[in-house]
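S.K.: Quick one: this structure, given as structure tokens, is what I'll be asking you about.
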Amino acid sequence: MKSSEIKEMAPQEIEERIDTLSQELVRMKLNHTISPLENPMKIKHTRRDIARMKTILRQKQLNEKQ
């Protein structure tokens, strides 16, 4: 997911998306330990998407306070 797409989302939507991606990440990690995933890079991309969303969410929260 691109940063520009995340910036257009409302803070509540971002939080919901972070929750779903976090659950998906845990599931992928568990499945990968049992049997290798077809594309293990998906774990890396999901982790980075979560970090990107958290960063943008924090920026939005700080801008609201000012």
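S.K.: Having 3 or more residues that are free of Cβ contacts under 8 Å to residues at least 12 places away in the same chain and of a type in the set (A, V, I, L, M, F, W, C) is the bar; report the helices (runs of 4 or more DSSP H) wholly within the chain that clear it.
M.R.: Per the criteria, 11-34, 41-65.
S.K.: From the residues in region 1-30 that are polar (S, T, N, Q) and modelled with pLDDT of 95 or more, which one is farthest from LYS54 (Cα to Cα)?
M.R.: Looking at the filtered set, the residue picked out is GLN23.
S.K.: Within region 19-66, how many residues turn out to be among the hydrophobic types (A, V, I, L, M, F, W, C) and closer than 17 Å to MET9 by Cβ?
M.R.: 7
S.K.: Next up: When you check SER35 against the structure, is it among the small types (Gly, Ala, Ser) and surrounded by 12 or more Cβ atoms within 10 Å (Cβ to Cβ), yes or no?
M.R.: No.
S.K.: Within region 40-50, can you find the residues that are surrounded by 10 or more Cβ atoms within 10 Å (Cβ to Cβ) and at pLDDT 95 or above?
M.R.: Scanning region 40-50 gives LYS42, ILE43, LYS44, HIS45, THR46, ARG47, ARG48, ASP49, ILE50.
The values are calculated or read from the model by the stated rules, or taken from the named source; none is laboratory data. Since the structure is predicted, the reported quantities are computational estimates derived from the model, not experimental observations. Cβ coordinates were reconstructed from backbone atoms using ideal geometry, including for glycine residues, and neighbour counts include every protein chain displayed.
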